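Worksheet for the structure shown next.
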Amino acid sequence: MKPAGALAGLVLMAAVSAALAHAHLLEATPADGSVISAAPTELALRFSEDARLTALSIEKSGAGSQKLAPLPQQPQSKIVVPLPALAPGHYLVSWRALSADGHVVAGQLHFTLNQ
């Protein structure tokens, strides 16, 4: 195969792969790994494409997991959900979402609240 043809093929494959990519988390507030001094009242997740959250929970270190609700019913690229009152400690947020391409994606983020 000629170098120009091979390069064109690689570019096409990359474009197709990008078009079929699943949603991924671009940004979260509070940010993953952050140490914050004021308790947040909401959690914001920004995805690379519209996604629909199917599960969302928060867990304080040493305590049980608590489901967060209400979850938006329509796919969105930025999802904001109210948080319960948070006490100082280490937190784990777990989420699962359905991408526009029909694939389930999941993730976690951690933050620490110091007051």
Legend entry - Failed item in (1) surrounded by 15 or more Cβ atoms within 10 Å (Cβ to Cβ); (2) aliphatic (A, V, I, L, M); (3) within 19 Å of residue 113 (Cβ to Cβ); (4) at pLDDT below 95, with residue 56 passing the rest: (4)
Inset, instruction - Please work out which one of (1) within 17 Å of residue 27 (Cβ to Cβ); (2) in a loop (DSSP other than H, G, I, E, B) is the condition residue 49 fails and give its number. - result: (2)
Inset, instruction - Would you check if there is a residue in segment 25-41 being buried (at least 16 other Cβ atoms within 10 Å of the Cβ), without any contact (Cβ under 8 Å) to a residue 40 or more places away in the chain and either out of contact with any Leu (no Cβ under 8 Å at 6 or more places or on another chain) or closer than 15 Å to residue 105 by Cα (or both)? - result: no
Legend entry - Residues within segment 81-103 that are outside any loop (DSSP other than H, G, I, E, B) and loosely packed, with under 13 Cβ neighbours inside 10 Å, tallied: 1
Legend entry - Residue pairs meeting the criteria (Cβ under 8 Å; at least 6 apart or on separate chains; first at negative phi, in segment 91-115; second basic (Lys, Arg) and surrounded by 14 or more Cβ atoms within 10 Å (Cβ to Cβ)): 91/60; 97/52; 98/52; 104/96; 105/96; 106/96
Inset, instruction - Residue by residue through segment 56-71, note down the ones that are of a type in the set (A, V, I, L, M) and either out of contact with any strand residue (DSSP E or B) (no Cβ under 9 Å at 6 or more places or on another chain) or in a strand (DSSP E or B) (or both). - result: 56, 58
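The values are calculated or read from the model by the stated rules, or taken from the named source; none is laboratory data. Remember, it's a predicted structure, so these values are computed and weren't measured experimentally. So basically every Cβ, Gly included, is an ideal-geometry build from the backbone, and we count neighbours across all protein chains shown.
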